[in-house]
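Working notes, structure below.
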Amino acid sequence: MKKGYKGFDKDLKCRGFQYELGKTYECETAEVCSKGFHYCKKIKDVLDYYPITSRFCEIEDLGKTVTKQNKSATTKIK
């Protein structure tokens, strides 16, 4: 298990997908910037993608992961 940080809007939505705290989500494939559940390994890096007024959560990466620069995508996130 890997930990990371994810940004959301005020309603815990990201790119139209609704998340709920404590739930686990899974998909078939992960590719940075196009498929999977995206996050950053360092909380400061999330600010490259979300304004400081966003909501941020610590996540658990439980899947197959692809990383490019400071962004990761996984097939399973909690």
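The values are calculated or read from the model by the stated rules, or taken from the named source; none is laboratory data. This is a predicted model, so every value here is computed, not measured. Counting neighbours? That spans all protein chains shown, and the Cβs are built from the backbone with ideal geometry, glycine included. With ligands, DNA and RNA removed, areas are computed over all heavy atoms of the protein, side chains included. Shrake-Rupley method; radii C 1.70, N 1.55, O 1.52, S 1.80 Å.
Where the second residue is polar (S, T, N, Q) and at pLDDT 95 or above and the first is under 18 Å from Pro51 (Cβ atoms) and surrounded by 12 or more Cβ atoms within 10 Å (Cβ to Cβ) and lies in the range 1-18, which pairs have Cβ atoms under 7 Å and are six or more apart or on separate chains?
Correct list of pairs: Gly7/Ser54; Phe8/Ser54; Asp9/Ser54; Leu12/Gln18.
Collect the residues in the range 19-32 that are free of Cβ contacts under 8 Å to residues at least 40 places away in the same chain and surrounded by 10 or more Cβ atoms within 10 Å (Cβ to Cβ), keeping them in residue-number order.
Tyr19
Of the conditions (1) closer than 11 Å to Thr74 by Cα; (2) without any contact (Cβ under 8 Å) to a residue 60 or more places away in the chain, Tyr50 clears all except one; give me its number.
(1)
When residues of the range 33-49 are filtered for being small (Gly, Ala, Ser) and surrounded by 15 or more Cβ atoms within 10 Å (Cβ to Cβ), how many remain?
Count: 1.
Just for the range 50-78: of the residues that are in contact with a strand residue (DSSP E or B) (Cβ under 6 Å, 6 or more places away or on another chain), in a loop (DSSP other than H, G, I, E, B) and of a type outside the set (S, T, N, Q), which one is least open to solvent (accessible area, probe 1.4 Å)?
Gly63
Which of the residues belonging to the range 16-63 are in contact with a His (Cβ under 9 Å, 6 or more places away or on another chain) and of a type in the set (Phe, Trp, Tyr)?
Tyr49
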